[in-house]
Each structure stands twice: as C-alpha cells, then as structure tokens.
Amino acid sequence: TRNIDLAVVAGDGIGTEVVEQGLAVLEAALAGSDVKVATTEFDLGARRWHATGETLADGDLERIREHDAILLGAIGDPSVPSGVLERGLLLKLRFALDHYVNLRPGKLYPGVKSPLAEPGEVDFVVVREGTEGPYVGNGGSVRTGTPHEIATEVSVNTAFGVERVVRDAFARAQARPRRHLTLVHKHNVLVHAGHLWRRTVEAVNAEFPDVTTDYLHVDAATIFLTTNPSRFDVIVTDNLFGDILTDQAAAITGGIGLAASANINPDRTAPSMFEPVHGSAPDIAGQGKADPTATVLSVSLLLDHLGLTAEAARVEAAVAADLAERGSRVRSTAEVGQDLAARVAD
Ligand code: IPM
Ligand code: MN
C-alpha cells in the first residue's frame, strides 16, 4: 500500500463545503486501490485570525510541509481587512512552498455553455508564474493618505525564476498534441521585465525545438481569449497577468465554478497545493449552493501530480460526463459531489 498524507485547508466561506465534496470524490477514486489517504485538517483562515491573530503560524507551515500535498478550499472573508489573509496565508503558502508553477487549465467541456456565441474547441493551459512579479510585496507608500501619496508595487522578475517557469511551460507544451507556447507579457511598456521574459523564451526554445512559440501583449491576449480562444495551447505569463487571464479563461469556459488550479513545486522540495480558482463567496456561503466541480477538477490535478494518472483521468471523466448531462439542472453542493463520486466509483 501507498499512504498519502494530505493537508486540508478548507478555509473560509464555501471553502469548507466544496472541500468536503472534493474529499468524497478523492475517496471514491481511490476506493478498492492500495492507495490510502490520511487527511490532516488545518484550522486556518478568518476564524483563526479572529481568534488568535494568526494567519499562518510557523508551526502550521512546518507541519503542512511534511505532507505529500495540500487541498485548499478558499480563503477570505469580508470581516478581515483585504490583503491580510491573501498575503498572510494564501500567498505565504505559495511562496514558502515554492509553488512557482500555477497551472490553470482553460477547457470548455462538451455541454457547457460558454458566453461566447461560437467558442470553438477551447483546450489550453495557463502556466502562471507563482512566486514573483508584483506579488512579492516589494513596495511601499509615503505620505500615505495625503494628496501627495506615492505608492509603489515593484514587480520582481529574476532570470532564475523566469527561466524555471518557462522551462516547465515548454515541457508541458511538448507533451501536448499541438506543441505550441504563447508568451503573454507587455514588453512594449514593461521593457525590463518583458524583455527578460522574451529572451528567456527564445533561449529555452533551443531545448524544445519541436515547440512553436508566439507572443502576445496582455491586452491583445484578452481580445483573442474572447474572439478566438482556440488559438491557445499553452500560455506562459507572469503572476499578475496570469491571475487576470485565468479569470477570463474561467469565464469563457463555463465560469469560476468549474475552474481548477494547481500550485506546483515541480522540484518536489515541498508539497504542491490544489485549489479551485474561485474565492470564498461569502454571499452564498452556508447555503449548499456552491458548485464543487472546480474543487473536484483540482483533485484530478492532485492525483495526476501524485502520479495516479488513471485515477486522475477517472475523476476528470466523471466531471466531463456530469457536465455533458448537466444542462440547467440545479443541484446542491452535496448532490453534485455525490453524483460525481458515484460516477467515479462506477
Ligand atoms: C487567485 C486569487 C489570489 C491571487 C488572491 C486571493 C491572492 O485571486 O488564486 O487567483 O491573486 O492569486
Ligand atoms: Mn485570481
């Protein structure tokens, strides 16, 4: 038997509801196999912050580190000032565990309604850099609150950081049928970082000669995501552009209720973390209305990362089959989870 130690950070709002279903589907996917999952729940998020003032204590981080993977629901609550949990918990996990590949598939499953009239075949992945860019917290504000305030938020891009994520994106492109990589940046304005990304893609391309590449400024990329999303295979981009593009990608492929993500440490020096792209949705929390599909697809990414590729494929196939028949039926969070678990068990 193989034992998998899974850290569970259900978090805030609908996070707990969707994670419960994600875990049920994970159990179903591994039932009857010799793989056993042991979960450790971490009480992190708004409740913990209110109770103790802690976002992510060193002890929690070190215990999380000992696990094979992390399943995260959602972080954030209106009762906590904006940025406290985002920076102090979610981004701290991504940075501390060196999740430099933030993988976000943009796939339109058959039967899913896109807001685009003629979306065509949409099946791409965004490789969003996860540990650098404007997210590093390198900035400040002087004369705060006065008409003379100056606030900076410096985007940090290192050759080391850009090269490793670009190499990962090339490898992913090479493993896909179309073998195409699009760099998205804004090098006509952000000339320092932009040209570092451009030069890096050119250089690493030599190691992957069978991968074709092109380049789009981020503003143009948003147009093509709307007018011709089929053109994309693998997109590589920085942390902030990737954040924005992946919400747009979710919107055109059925909404954030379906959008999965993996925060991957490809070197496996720390556990990778799997989470739906959506947030804690306080407006519908506790009502059993949230769609757990994004979390279930994130569980598929988790299984894949752990080398359980057949199980990962079964979970994705269960979601695809459910989506194909879903139509406009309204089910509760638990009902969707149960239906998916039943399909996986079949
Ligand atoms: C996401 C979220 C986070 C991000 C926030 C909550 C810090 O929007 O996972 O896309 O910006 O990465
Ligand atoms: Mn986001």
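Values in this text are rule-based calculations from the coordinates and carry no lab data. For clarity, every value in this text was computed on a predicted model and none was experimentally measured. We place every Cβ from the backbone using ideal geometry, glycine too, and count neighbours over all the protein chains shown.
Could you list Ser300, Ser328 in order of exposure, starting from the residue whose Cβ has the fewest other Cβ atoms within 10 Å?
Going from least to most buried by this count: Ser328, Ser300.
Checking the a/c ratio against 1.5 first, then a/b against b/c, what shape does the Cα gyration tensor give for segment 236-306?
Oblate is the answer for segment 236-306, as a/c is 1.5 or above yet b/c matches or exceeds a/b.
First check a/c for segment 271-343, with a ≥ b ≥ c the square roots of the eigenvalues of its C-alpha gyration tensor; if it is under 1.5, answer rounded, and if not, answer prolate when a/b is larger than b/c or oblate otherwise.
oblate
When a/c reaches 1.5 or more, the comparison of a/b and b/c decides; with that in mind, is segment 114-253 rounded, prolate or oblate per its Cα gyration tensor?
The shape class here is oblate.
Using r as the Cβ-Cβ distance of Asp346 and Arg176, and R0 as 30 Å, what FRET efficiency do you calculate, to the nearest 0.05?
Given R0 = 30 Å and the Cβ-Cβ separation, E is 0.60.
Looking at segment 207-294, which trypsin sites (Lys or Arg not before Pro) are DSSP coil and have at most 16 other C-beta atoms within 10 Å of their C-beta?
Hits after loop and neighbour filter: Arg268, Lys289.
Which one of Thr212, Thr158, Thr144 has the biggest mean-square fluctuation once the chain is modelled by GNM with Cα springs under 10 Å?
Thr144
How far apart, in nm, are two points set 7 Å out from the Cα along the Cα-to-Cβ line at Glu335 and at Ala117?
3.4
7 Å from Cα along Cα→Cβ at both Asn3 and Arg87: what's the point-to-point distance in nm?
3.9
Take every Cα pair under 8 Å in the chain that's 6+ residues apart, average their separations, divide by the length, and report that relative contact order as a whole percent.
Once divided by the residue count of the chain, the mean separation gives 25 percent.
Along the Cα→Cβ direction, 7 angstrom out, place labels at Lys289 and Asp247. What is the inter-label distance in nm?
The answer from the label model is 2.0 nm.
Quick one: order Val336, Val218, Val84, Val18 by neighbouring beta-carbon count within 10 Å, fewest to most.
Val84, Val218, Val336, Val18
Taking loop as defined by DSSP and a crowding limit of 11 other beta carbons within 10 Å, which GluC sites (Glu not before Pro) in segment 79-158 fit?
Listed in order of number, the matching sites are Glu121, Glu149.
Apply the membrane-span-like helix rule to the chain: whole DSSP H runs, Cα extent along the own long axis of at least 15 Å, mean Kyte-Doolittle hydropathy at least 0.0. List the helices found.
Within the chain the helices that satisfy the rule are 15-30, 159-174, 239-252, 293-305, 309-326, 333-345.
Cut-off 10 angstrom, C-alpha nodes, Gaussian network model of the chain. Which of Glu163, Glu66, Glu118 fluctuates the most?
Sorting by GNM fluctuation, first place goes to Glu118.
When the Cα centres of segment 63-112 and segment 233-280 are compared, how far apart do they sit, in Å?
Distance between centres, Cα-based: 9 Å.
Please sort by residue number the trypsin sites (Lys or Arg not before Pro) in segment 74-156 whose DSSP state is loop and whose Cβ has at most 15 other Cβ atoms within 10 Å.
Hits after loop and neighbour filter: Lys113, Arg143.
If we count other beta carbons within 10 Å of each Cβ, what is the order of Trp49, Trp197, fewest first?
Least to most surrounded, the residues fall as Trp49, Trp197.
For the chain, what ratio Rg/Rh do Cα atoms give with a Kirkwood hydrodynamic radius?
A ratio of 0.96.
For Val35 and Thr212, calculate 0.36 nm times their separation in residues minus their Cα-Cα distance, and state this gained length in nm to one decimal.
Full extension from Val35 to Thr212 adds 59.9 nm.
Only Cα pairs under 8 Å and at least 6 apart count here; give the relative contact order of segment 139-257 as a rounded whole percent.
Relative contact order here is 27 percent.
Identify the residues of segment 159-187 with backbone N under 17 Å of a label point that sits 7 angstrom from the Cα of Asn138 along the Cα-to-Cβ direction, or state none.
Answer for this model: 159-165.
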